[in-house]
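Remarks on the structure that follows.
What follows draws every value from the coordinates through simple rules; no lab data is involved. Since this is a predicted model, take the numbers as computed values, not measurements. We place every Cβ from the backbone using ideal geometry, glycine too, and count neighbours over all the protein chains shown.
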């Protein structure tokens with residue numbers, strides 16, 4: 001129950017964060033191509049502080065829900081896609097018998 005509620009919140013936060021990031025104006029305005037000034041790349045981003053704060057809050061909510069979704073899935077015994085497949089067993093390492101080097105004959 002709690003897992004599904006948190007998953008719904010996580011999806012809503014993801015969609016909202018995508019929309020808020022897309023609504024913000026660009027900082028580089030075309031990355032200063034075709035001879036325009038490169039000073040705009042160093043300045044602070046344009047846009048309202050509300051949008052920046054909202055983006056930060058949504059990013060924090062995304063991190064929080066991601067962390068707790070992974071913790072809840074681990075505790076509830078859910079399996080991931082990768083845990084369904086087993087790795088092939090490694091071949092048993094067979095060591096060759098150690099043969100002492102042949103003595104060198106001097107002439």
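Mind ranking 1-7, 99-105, 62-68 by how tightly packed they are, going by the mean number of other C-beta atoms within 10 angstrom, highest first?
Values: 1-7: 10.7, 99-105: 5.4, 62-68: 14.0.
Final packing ranking: 62-68, 1-7, 99-105.
Report the FRET efficiency, 1/(1 + (r/R0)^6), for residue 62 and residue 87, where r is their Cβ-Cβ distance and R0 is 22 Å, rounded to 0.05. Working from the Cβ atoms, E equals 0.10.
Once the Cβ-Cβ distance between residue 70 and residue 16 is put in as r, and R0 is 35 Å, what FRET efficiency do you end up with, to the nearest 0.05? Step by step, r from the Cβ atoms, then E = 0.95.
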